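**Student:** A single structure is presented below for examination.
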Amino acid sequence: WSLPNAEHYALQYTDGRQTYITESNRGEIKNGSILRLTTSPDQEAERLYSGIQSNNLDVKTDSLKKLASLSQDVTFAQEFINRNGLKQIFSIVEEGNDTGEMLAHTLKAFMELMEHDFVSWETLSATFIKKIVSYVNMNAVDASAQQLSLTILENMVPTSRLLFELVKKEVTLDRLLTHLQVTNAQLQLKAMALLIALLLAATDAERRDMMEYLREKNIRQFIHKNIIHSSEPLGDEMAHYLYVLQSVSLNLCERRMRTSMDPYSQEQRELLQSLRQTAFESESEAPASNFSTERRRSLCAKEFRKLGFVNNSNPAEDLRRAPPGLLALDNMVYFSRHTPNAYSRFVLENSSREDKHECPFARSSIQLTLILCEILHVGEPCSETAQAFYPMFFGQDHFFEELFCICIQLVNKTWKEMRATQEDFDKVLQVVREQITRTLALKPTSLELFKTRVNALNYSEILKLRQTERLHQEETLAVPVLELRERLKPELLELIRQQRLLHLCEGTLFRKISSRRRQDKLWYCRLSPNHKVLHYGDVEEGVHSPPIESLLEKIPVADMKMLLVGKECPHTKEKSSGKQNKDVLELAFSIVYDMEEYCLNFVAPTRYEFCLWTDGLNVLLGKEMTSERTQTDLDVLLSMELKLRLLDLENISIPDTPPPVPKPPSNLNFCYDFSYAEQ
């Protein structure tokens, strides 16, 4: 258009994030994209840089609002930061007393500018940080400004030890707990995010102190009542934070789990002796002090054998294995002190049984503690994306010990149901592991409910479940049936292909994950009904199935060149942290399109979605479906189809080879002529 001073203008998308068109991204413009002519990013940056310094409050507020919006664009952000714009934002925050809308726009602009990673968090001044902290600590501050302040602090905490210590000192746990108790769900979420960031950045000793303090303040009861059982459904992010809190709490057991028993420790020896005394002190009619040392030692050894220790003369040896180490001893002592009747009944009942059928309490406790540590992932690092927390964890103090008390009684019950002997020890514990994992998978809301369900799942029920699963897995392996399977496969694979494409047409909500933190930005992707175009675009939280017209970006299927998964994806290679997150690697996939120049990167919300999407994209590319889900679905469909076809052959054995064809008859004069009969 031969505009004078062409460098003062730029093109910008009118929809979505309104990104500026630059030399580096001009190739990404799609047919049908609507662009507008606007002032260039450097001119806009200059204008807003002046605007935010204006003495006119309206101009200043409008400039900050526009800045918050434009800062999402990397080109603009670079220009604004180059003009020392961040310094201006710092001074607005440091010198200003505003706590309303203007402050919220300023903090939003700051967050968006920092998001591009041009500036290190460690360069922030102490005055600025203290001001941000004051917004968190004050009551008379706009809620959106408080949310942004909490998010800023959450981002600062993992970047350096110095910032962690500063935030931990200035924002007390009491203050965070106050924010957790508000009705504003977003503020509650951001307060939980900062609390989790502080816990993850702390040293083991600091984390232990913080968790102890939170326990004293009854955070568990509060979460159980006001977050898990609130009227609002639990969002993905809050579920993740509760999982991390559960994981951090359970990992407090790790130190005891990895510590072997020290036979020379007076305290540990006394704990061991207390187990024997609680179980047998009423039995010893004469006080032990009247016996000779030798007699007393042999009596102790006999009682330790009744308790189920393998090495009864020196029971400390049984607790040398770590894991479960001293955690097993802690659990046994807790059981004996908090449920003394159940403890005495367990020990005395088994010490009066025939030798070969007694259930060894100590040996079972040690193995059970190890099983519980494995099931609850004690000592394992937190996953960055998992959301699998147990609601009953927050409904109970001393969760691990109380769970042990239920499960050790389950061991005794299952032992009796299986009529087990010492040789069956591993088999019994294997059944108990299965009972616990199957019951936990039902997500019981309280330990009482867990107890009821796990006791109802007795040995005969486990056998029935195993039998059913085995029958589902087993297929008749006769040759004619295998031939029929092969003949049915193409038809059923076509059915799976259609299902995958239908799923892509319905679309899925994906979450953007950056290298620094869980993002709360969502986007949606779906296939057009004619299977010709992939539509995608950013969406707001709470939108589950946006209409296809609202998804502004598109990729023609004809332009798609290949599908990458896992480590091959560009967005998994980019992660700067070094230690690749296993969860993200398993769920990542990318579409390469447009002469192999561009990629659309995905991180699936679940493994199930990952399988359906990678299969569907492979179908669009004309390739084989390779996911494990395809094989599972094919097996299920084949199994159903075969059972339907073989219904009439029930209880009839199918020969491996077809029966021989009989010889032709000696003459063919057995044909009946119906025409004569009719006359």
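**Student:** Cβ contacts < 6 Å: first residue over 19 Å from LEU148 (Cβ atoms), restricted to the stretch 68-97; second residue among the charged types (D, E, K, R), any location; separation 6+ or different chain. Result?
**Tutor:** Once the first residue is over 19 Å from LEU148 (Cβ atoms) and sits in the stretch 68-97, its partners that are among the charged types (D, E, K, R) give GLU79/ASP42.
**Student:** Which of (1) out of contact with any Pro (no Cβ under 7 Å at 6 or more places or on another chain); (2) at pLDDT 85 or above; (3) surrounded by fewer than 17 Cβ atoms within 10 Å (Cβ to Cβ) does THR293 not meet, given it meets every other one?
**Tutor:** Going through the list (1) out of contact with any Pro (no Cβ under 7 Å at 6 or more places or on another chain); (2) at pLDDT 85 or above; (3) surrounded by fewer than 17 Cβ atoms within 10 Å (Cβ to Cβ), THR293 breaks only (2).
**Student:** For the stretch 52-65, state whether one or more residues are free of Cβ contacts under 8 Å to residues at least 60 places away in the same chain, outside the structural domain of TYR598 (by the TED database), in contact with an Asp or Glu (Cβ under 7 Å, 6 or more places away or on another chain) and under 30 Å from ALA143 (Cβ atoms).
**Tutor:** Checked the stretch 52-65: at least one residue is free of Cβ contacts under 8 Å to residues at least 60 places away in the same chain, outside the structural domain of TYR598 (by the TED database), in contact with an Asp or Glu (Cβ under 7 Å, 6 or more places away or on another chain) and under 30 Å from ALA143 (Cβ atoms).
**Student:** In this structure, does LEU482 turn out to be open to solvent by 40 Å² or more (accessible area, probe 1.4 Å), in the same structural domain as ASN350 (by the TED database) and either of a type in the set (Val, Ile, Thr) or at negative phi (or both)?
**Tutor:** So LEU482 does not fit the description; no.
**Student:** Somewhere in the stretch 419-429, is a residue part of a helix (DSSP H, G or I), within 27 Å of the chain's Cα centre (by Cα) and among the β-branched types (Val, Ile, Thr)?
**Tutor:** Among the residues of the stretch 419-429, not one is part of a helix (DSSP H, G or I), within 27 Å of the chain's Cα centre (by Cα) and among the β-branched types (Val, Ile, Thr), which makes the answer no.
Okay, residues lined up against (1) at pLDDT 90 or above; (2) farther than 26 Å from LEU482 by Cα:
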position: LEU585; (1), (2): no, yes
position: PHE589; (1), (2): yes, yes
position: TYR593; (1), (2): no, yes
position: CYS599; (1), (2): no, yes
position: LEU612; (1), (2): yes, yes
position: LEU638; (1), (2): no, no
position: PRO660; (1), (2): no, no
position: CYS671; (1), (2): no, yes
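Yes or no, residue by residue, for (1) touching a Phe, Trp or Tyr at 6+ places or on another chain (Cβ under 7 Å); (2) assigned to a loop (DSSP other than H, G, I, E, B); (3) open to solvent by 40 Å² or more (accessible area, probe 1.4 Å); (4) among the small types (Gly, Ala, Ser):
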position	(1), (2), (3), (4)
ASP615	no, no, no, no
THR630	no, no, no, no
LEU634	no, no, no, no
LEU637	no, no, yes, no
LYS643	no, no, yes, no
PRO660	no, yes, yes, no
PRO664	no, yes, yes, no
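**Student:** May I ask you to list the residues in the stretch 125-168 that are surrounded by fewer than 20 Cβ atoms within 10 Å (Cβ to Cβ), among the charged types (D, E, K, R) and part of a helix (DSSP H, G or I)?
**Tutor:** LYS130, LYS131, ARG161, GLU165, LYS168
**Student:** Next question, about the same structure. Which one is most open to solvent (accessible area, probe 1.4 Å) among residues in the stretch 430-446 that are assigned to a loop (DSSP other than H, G, I, E, B) and of a type in the set (S, T, N, Q)?
**Tutor:** Only one residue tops the list, namely THR445.
**Student:** Looking only at the stretch 1-46, count every residue that is over 39 Å from the mean Cα position of the chain (by Cα), surrounded by 13 or more Cβ atoms within 10 Å (Cβ to Cβ) and of a type in the set (D, E, K, R) and tell me the total.
**Tutor:** Qualifying residue count for the region: 3.
**Student:** Please name all residue pairs, on different chains or six or more residues apart, with Cβ atoms under 6 Å, provided the first residue is in the stretch 404-426 and is farther than 11 Å from LEU368 by Cβ and among the aliphatic types (A, V, I, L, M) and the second residue is open to solvent by 10 Å² or more (accessible area, probe 1.4 Å) and part of a helix (DSSP H, G or I).
**Tutor:** MET418/TYR459
**Student:** Let me ask another. Take the stretch 539-560 and flag every residue that is open to solvent by 80 Å² or more (accessible area, probe 1.4 Å), over 30 Å from the mean Cα position of the chain (by Cα) and without any contact (Cβ under 8 Å) to a residue 60 or more places away in the chain.
**Tutor:** GLU549, ALA558
**Student:** Would you check if LYS554 is over 22 Å from GLN499 (Cβ atoms) and either part of a loop (DSSP other than H, G, I, E, B) or in contact with a His (Cβ under 9 Å, 6 or more places away or on another chain) (or both)?
**Tutor:** Yes; evaluated as a whole, the condition is true for this residue.
The rows are residues; the columns are (1) modelled with pLDDT under 90; (2) over 23 Å from LYS306 (Cβ atoms); (3) in contact with a strand residue (DSSP E or B) (Cβ under 7 Å, 6 or more places away or on another chain).
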| site | (1), (2), (3) |
| --- | --- |
| CYS407 | no, no, no |
| VAL411 | no, no, no |
| THR414 | no, no, no |
| ALA420 | yes, no, no |
| GLU434 | no, yes, no |
| LEU449 | no, yes, no |
| THR452 | no, yes, no |
| SER460 | no, yes, no |
| HIS472 | yes, yes, no |
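The values are calculated or read from the model by the stated rules, or taken from the named source; none is laboratory data. Bear in mind that the values here come from a model prediction, so they are computed numbers and not experimental data. Cβ: placed from backbone, ideal geometry, glycine included. Neighbour counts: every protein chain shown. Ligands, DNA and RNA are stripped out before the accessible areas are found, and what is left, the full protein with its side chains, is counted by its heavy atoms. Shrake-Rupley method; radii C 1.70, N 1.55, O 1.52, S 1.80 Å.
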